[in-house]
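J.: Right, I'll just put the structure down here and ask away after.
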Amino acid sequence: MILIFAEHSGQEFKRGTLELLTAAQQSGLETKAVVLGAEAESLAGQLGAWGVGEVYVCGDPLLKDYNPELYFSIMAAAISEAKPDYVLAASSMLGRDLFPRVAQKIGGAVASDCTELSFSGGAAVVRKPLYAGRCSARVEFQTAATKIILMRANQLPIGQPIKNTTANIRKLALSPVDLKTRIKEIVKGASEKLDLTEANIIVSGGRGMKGPEHFKLLEDLATVLGATVGASRAVVDAGWVPHSMQVGQTGKTVAPTLYIACGISGAIQHLAGMSGSKVIVAINKDPDAPIFQKATYGIVGDVFEIVPSLTEEFKKLLQ
Amino acid sequence: MRIAVCIKQVPDTETKIKLKPDQSGIEPTGVKWVINPYDEHAIEEGIKIRDSNAGSSVLVFCLGPKGRCSEALRTALAMGADEAVVIDAPEFLDTSLTGRALAAALKKEGAFDLVLTGRHAIDDNAASVGQILAGELGIPHATVISKLTLNGGVATVEREIEGGTKEIFEISLPALLAANKGLNTPRYASLPGIMKAKKKTIKEVSLNDLGVDPAKGAFRYAEFRLPPEKPAVKILAGDVKTQSHELARLLREEAKVL
């Protein structure tokens, strides 16, 4: 049996959750889910159509924002009640923080940052990249009863809701916890755009952009494409853009469908964070830049001429 | 204040990864080992906190084959850590056993007010050992922290999540905190620091001493593969207008991503 941790934004399920629901549909295994937070109940209603038979919900207002102690307490309770063979969750900031602690609490196994997942004869076949994508390995679970699999977003296809059924809703109550962690404040990020780790298209800039003021060109291109803007380590270290925009080994690992690298030479550090992208476009004035070795399409030339011209072309194409 | 810092040794980013012929792992010869970059931020933070709180100490722990891991600990000592413990373990030990072994090693050294580590190791990107260790120790944790202030027995930490949103937590000590880049700038080991570190003894413990059986892990990695070869890049010719037009066409018609 599969238990899906259905992460959501308050209004809708995250892309990663829909990918997991699709994988569970195809597994042939019975599927349950957990939805937490104030909107849990209204969102839980959508899950029956995805083939989920039972949804554990807890709408306690204390779960509105992420407090690790409360979340691992309620997740451990849900797991001990559902007794799943597999727990599937997104390898998001929340998932990565929460589930190792849950695994410790319930004596389960946890594999995070996985990129391949399928089911064969009721058993999960899981692979993940190692050494920043320079190789990959299959995760071979040993004896643990509950195996927790955290999947990177954008790795699995999203199917359609298939059934005209509703799931059973089971309410869970939060048991009192002697809290050592208190949420002092949540400072919302300024960006309306999807996070780099969830984005389907990324436009990224490097030192070739010559200064923070020129990132506007990338913003314009990104707006046309519905993309999120990223950056190389060099420009983050130079203070042009915040660390939250850094793609690479000490930044974010991304795997969008389309990655457009503008004025990025392609240091190993950077390639480590984006080489899993499906299609890579490189724009650089240096024909020997290492980024071209990873790219699907390359344009050798001046980013200041090419980027605005691309913005115009894409605008025409997508109208 | 007693501060424990847990570090991991990982292959340097520039190291070429080769697989063993039976695909059971990577070929260890020729690998250049370094301290996991995020763990350097944890060491730095530990030293900074010790220096601004009289009577404090920093103990660094590293788990792995003791020969190479002692080098990482020597570097941490040269940066300014007070003592070091190596937990001798095989090349691979899964996250649950690593967490358990570290917890037992820390307990052997007494109680700590603060346990610091990196947000994840860049080799397997599991980001799991810190939380498992905190669970074994029964203390709260916060990961991916880019800001830390201590006030009495309470740590205020800032953790950046998706979309640049920041979660600010107040956590009662003892606690485990996992450092992100941005928390500080790790120092280089000074020459006097390196000389001093050479004279220090690195304490050794075995998994057996800690009651951990390496055969009883929750998972292992198998069937290693190198990534598939990428076809050669298609360089687009012509003037800027032609190039852009052609790229838009290829992305739609050939790659089918627009």
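The values are calculated or read from the model by the stated rules, or taken from the named source; none is laboratory data. Remember, predicted model here, so these are calculated numbers, not experimental data. Because the Cβ atoms are built from the backbone with ideal geometry, glycine has one as well, and the counts that use them run over all protein chains shown. Surface areas here come from the heavy atoms of the whole protein model, side chains and all, with no ligands, DNA or RNA. Shrake-Rupley method; radii C 1.70, N 1.55, O 1.52, S 1.80 Å.
J.: Along the charge dipole of the protein assembly as shown, Cβ charges K/R +1 and D/E -1, which of B:ALA189, A:ILE280, A:PRO84 sits furthest on the positive end?
T.: It is B:ALA189, whose Cα lies furthest towards the positive end.
J.: Cα to Cα, under 16 Å, and not fewer than 8 places away if on the same chain: which aspartates and glutamates meet these conditions relative to A:LYS316?
T.: Straight-line reach from A:LYS316, under 16 Å: A:ASP220, B:GLU246, B:GLU253.
J.: Mind checking the log10 I(q)/I(0) for the protein assembly as shown at q = 0.09 Å⁻¹? Debye, one equal scatterer per Cα, no solvent, two decimals.
T.: Reported log10 I(q)/I(0), two decimals: -0.70.
J.: Roughly how many Å² is the accessible area per residue of region A:2-171, as a whole number, for a 1.4 Å probe? If you can, show how the numbers build up before the last one.
T.: On the way: 6090 Å² over 170 residues.
So region A:2-171 comes to 36 Å² accessible per residue, rounded to a whole number.
J.: Per DSSP helix of 4 or more residues, -39500 (n - 2.57); summed, then divided by the residues of the protein assembly as shown. What does that give at 222 nm, rounded to the nearest 500? Spell out each step's value before the answer.
T.: Working: 15 runs with 166 residues, N = 577.
That comes out to -8500 deg cm²/dmol.
J.: Also, I was wondering about something else. So for region B:2-216, considering every pair of alpha-carbon atoms, how many percent are separated by more than 26 Å?
T.: Numbers: 7292 of 23005 pairs.
Value for region B:2-216 (Cα pairs over 26 Å): 32 percent.
J.: Tell me, what does the Kirkwood hydrodynamic radius of region B:8-127 come to in angstroms if you use every pair of distinct C-alpha atoms? All intermediate terms of the calculation are to be shown ahead of the outcome.
T.: Numbers: mean 1/r = 0.0654 Å⁻¹.
Final number for the Kirkwood radius of region B:8-127 is 15.3 Å.
J.: Something else now. So how much accessible surface do B and A hide from each other in total, probe 1.4 Å, in square angstrom to the nearest 100?
T.: Working: alone 14870 and 15980 Å², together 23600 Å².
The summed interface area works out to 7300 Å².
J.: Here is a follow-up. Name the aspartates and glutamates eligible as straight-distance cross-link partners of B:LYS32: C-alpha to C-alpha under 18 Å, and not fewer than 8 places from it in the same chain.
T.: Counting by Cα, and skipping residues close in sequence, B:LYS32 has these aspartates and glutamates nearby: B:ASP12, B:GLU14, B:GLU40, B:GLU71, B:GLU91, B:ASP123, B:ASP124.
J.: Using only alpha carbon positions, build the gyration tensor of chain A, then give the equivalent ellipsoid semi-axes as the square roots of 5 times its eigenvalues, largest first, whole angstrom. Write down the numbers at each step before the final one.
T.: Values: eigenvalues 287, 85, 73 Å².
After diagonalising the Cα gyration tensor, the semi-axes are 38, 21, 19 Å.
J.: Counting only DSSP beta bridges with both residues in the protein assembly as shown, what percent are antiparallel, rounded to the nearest 5? Before the final figure, lay out the partial values.
T.: Details: 38 of 113 bridges.
Given both bridge residues lie in the protein assembly as shown, the antiparallel proportion sits at roughly 35 percent.
J.: Moving to a separate point now. Count the DSSP beta bridges whose two residues both fall in chain A, then state the antiparallel fraction as a percent rounded to the nearest 5. Could the numbers behind the result be given before it?
T.: Details: 10 of 55 bridges.
Restricted to chain A, the bridges split so that about 20 percent are antiparallel.
J.: Against the globular-protein guess of 2.2 N^0.38 Å, express the Cα radius of gyration of region A:201-318 as a ratio, rounded to two decimals.
T.: Working: Rg = 12.6 Å, N = 118, 2.2 N^0.38 = 13.5 Å.
For region A:201-318, the normalised Cα radius of gyration is 0.93.
J.: Between B:GLU223, B:GLU204, B:GLU83, find the one with the highest GNM mean-square fluctuation for chain B; connect C-alpha pairs within less than 10 Å.
T.: Answer for the Gaussian network model of chain B: B:GLU223.
J.: Could you check which residue among B:VAL233, B:VAL129, B:VAL205 shows the biggest mean-square fluctuation in a GNM of chain B with a 10 Å Cα cutoff?
T.: B:VAL233
J.: Placing unit charges on C-beta atoms (Lys and Arg positive, Asp and Glu negative, everything else neutral), compute the dipole magnitude of region A:196-247 about its Cα centre in debye, rounded to 20. Before the final figure, lay out the partial values.
T.: Numbers: 4 positive and 5 negative charges, 37 e Å.
Dipole magnitude for region A:196-247 comes out near 180 debye.
J.: I'd like the carbon and sulfur percentage of the solvent accessible area for chain A, probe radius 1.4 Å, heavy atoms only, ligands and nucleic acids excluded. List each step's numbers first, then the result.
T.: Details: 6200 of 12330 Å².
The value for chain A is 50 percent carbon and sulfur by accessible area.
J.: Using Cα-only point scatterers and the Debye equation, what is log10 of I(q)/I(0) for region B:134-192 at each q in 0.26, 0.30 Å⁻¹, rounded to two decimals?
T.: These q points yield log10 I(q)/I(0) values of -1.06, -1.23.
J.: Something else now. For region B:123-181 and region A:79-147, compute the distance between their C-alpha centroids and round to whole Å.
T.: Going from one Cα centre to the other spans 22 Å.
J.: Which of the pairs A:LYS285/B:LYS241; A:LYS193/B:LYS230; A:LYS128/A:LYS278; A:LYS32/A:LYS128; B:LYS66/B:LYS203; A:LYS184/B:LYS147 have their Cα atoms more than 19 Å apart in this structure?
T.: On the way: A:LYS285/B:LYS241 16 Å; A:LYS193/B:LYS230 30 Å; A:LYS128/A:LYS278 16 Å; A:LYS32/A:LYS128 24 Å; B:LYS66/B:LYS203 10 Å; A:LYS184/B:LYS147 14 Å.
Beyond 19 Å: A:LYS193/B:LYS230; A:LYS32/A:LYS128.
J.: Which percent, nearest 5, of DSSP beta bridges in region A:2-171 are antiparallel? Display every interim value, and only then the final one.
T.: Values: 10 of 35 bridges.
Beta bridges within region A:2-171, antiparallel portion: roughly 30 percent.
J.: Taking chain B as a Gaussian network, where each spring joins two C-alpha atoms under 10 Å apart, which residue of B:GLY46, B:GLY152, B:GLY135 fluctuates the most?
T.: B:GLY152
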